[in-house]
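Undergrad: Have a look at this one before I ask anything.
The values are calculated or read from the model by the stated rules, or taken from the named source; none is laboratory data. These numbers were taken from a predicted model, which means no experiment stands behind them. All Cβ positions, even for glycine, are placed from backbone atoms using ideal geometry, and neighbour counts span all protein chains on display.
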Amino acid sequence: MADVEFFWDPVCPWAWITSRWVRNVQAERPLEVDWRFICLRMVNDSKDYDTEFPARYKRGHMRGLELLRIAAAAREGGHADRVGDLYIGFGTMIHNAGNPEAFDDPEGARAVLRALGLPESLGEAAYSEQFDPVVRADTDEALARTGGNIGTPVISWSPPDGPSFFGPVISKAPTGADALRLWDAVTELGANPWFSELKRSIRGRPQFD
C-alpha cells in the first residue's frame with residue numbers, strides 16, 4: 001500500500017504544480033506515491049460546457065480524458081509502475097512547454113510513450129471508451145473520499161482510510177526544506193479529525209519552472 005494516493009488530471013495546472021511539490025518531497029524523504037486518476041470532464045458531466053465554461057475548457061477537459069485513457073490502458077496492461085512517468089511526460093508538454101495542442105495529434109502521445117519505452121499502441125486508447133470505467137472508478141473514489149464539489153488534485157494519506165483533501169493549491173512548487181515544511185504542515189492539518197477547510201481566493205500565477 002502506498003503512503004499516499006495522488007489523483008490527477010493532466011490538464012490541470014494546479015494539480016501539476018502540486019505534483020511537482022510531491023516529487024520534491026520524495027527527493028528528500030522516503031515516500032511511496034500511487035498516481036491515480038480524477039477526470040475533470042467526468043467531474044463536470046452535469047455542466048453545460050457551452051454556457052458555464054470558457055470555450056477552451058471543453059476541448060481541454062476532453063484532452064485530459066483522452067490522456068487519462070492512455071494512462072489507464074498502461075496501468076491495466078501491466079505498466080502500473082509507469083503511470084507517474086506518463087504524468088511527467090504529459091504534464092511537461094502541456095504546462096512547462098505550453099503546448100497542450102501537441103496531444104491533438106496522435107503522434108504527441110506516441111512520442112511520450114516512445115520516450116518512456118512503453119508500447120506506442122497504448123496511444124490508441126485515447127480515442128476509445130474502453131478504459132472510461134477505469135477512469136470513472138478512480139474519479140468516483142476521489143469524490144467519495146472528499147465529499148465531492150472539489151477540483152484537482154486530490155491527495156489521500158494512508159489510503160484508503162486516511163484523510164483525503166482537495167489540494168493544496170499552490171502557485172509554485174517548493175523544494176528542499178521548504179517542500180518538507182509544507183508537507184508536514186498539510187499532513188498535520190489532515191490528521192486532525194475536525195479539520196475541514198482552509199481557503200482564500202487570492203492566487204498567484206502558476207509557475208512551472
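Undergrad: Of these, 70, 17, which one is closer than 20 Å to residue 135 by Cα, touching a residue at least 12 places away in the same chain (Cβ under 8 Å) and in a helix (DSSP H, G or I)? Full working, then the answer.
TA: Working: 17 fails: closer than 20 Å to residue 135 by Cα.
Selected residue: 70, the only one of 70, 17 that is closer than 20 Å to residue 135 by Cα, touching a residue at least 12 places away in the same chain (Cβ under 8 Å) and in a helix (DSSP H, G or I).
Undergrad: Sticking with this structure for a sec: So which residues in segment 31-58 are of a type outside the set (Phe, Trp, Tyr) and free of Cβ contacts under 8 Å to residues at least 24 places away in the same chain, if there are any at all? Even if it seems obvious, please write down each step before you answer.
TA: Initial filter on segment 31-58 (of a type outside the set (Phe, Trp, Tyr)): 31-34, 36, 38-48, 50-52, 54-56, 58.
Within segment 31-58, 44, 45, 46, 47, 48, 50, 51, 52, 54, 55, 56, 58 qualify.
Undergrad: Any residue in segment 121-134 that is touching a residue at least 60 places away in the same chain (Cβ under 8 Å) sitting within a Cβ distance under 9 Å of a residue that is assigned to a loop (DSSP other than H, G, I, E, B) and surrounded by 18 or more Cβ atoms within 10 Å (Cβ to Cβ)? List the pairs, counting only those 6 or more apart or interchain.
TA: Note: pairs meeting the criteria are 132/39.
Undergrad: Here is a further query. Tell me yes or no: at least one residue of segment 78-90 is in a loop (DSSP other than H, G, I, E, B), under 16 Å from the mean Cα position of the chain (by Cα) and surrounded by 19 or more Cβ atoms within 10 Å (Cβ to Cβ).
TA: Keep residues of segment 78-90 that are in a loop (DSSP other than H, G, I, E, B), which gives 78-79.
Okay, now just the ones that are also under 16 Å from the mean Cα position of the chain (by Cα), so none.
No.
Undergrad: Continuing with this model, one more query. Among the residues that make up segment 149-171, is at least one of them surrounded by 14 or more Cβ atoms within 10 Å (Cβ to Cβ) and part of a helix (DSSP H, G or I)? Even if it seems obvious, please write down each step before you answer.
TA: Here is the first cut: in segment 149-171, the residues surrounded by 14 or more Cβ atoms within 10 Å (Cβ to Cβ) are 150-159, 162-170.
Remaining after also requiring part of a helix (DSSP H, G or I): none.
The answer is no; no qualifying residue exists.
Undergrad: Spot the failing condition for residue 31; the list is (1) closer than 23 Å to residue 136 by Cβ; (2) at pLDDT 95 or above; (3) not in a helix (DSSP H, G or I), and only one is missed.
TA: Answer for residue 31: the failing condition is (1).
Undergrad: How many residues does segment 35-70 hold that are surrounded by fewer than 18 Cβ atoms within 10 Å (Cβ to Cβ) and either touching a His at 6+ places or on another chain (Cβ under 6 Å) or under 18 Å from residue 141 (Cα atoms) (or both)?
TA: Taking segment 35-70 first, the residues surrounded by fewer than 18 Cβ atoms within 10 Å (Cβ to Cβ) are 44-59, 62.
Among the residues that remain, those that are also either touching a His at 6+ places or on another chain (Cβ under 6 Å) or under 18 Å from residue 141 (Cα atoms) (or both) are: 44-46.
Looking only at that region, the number is 3.
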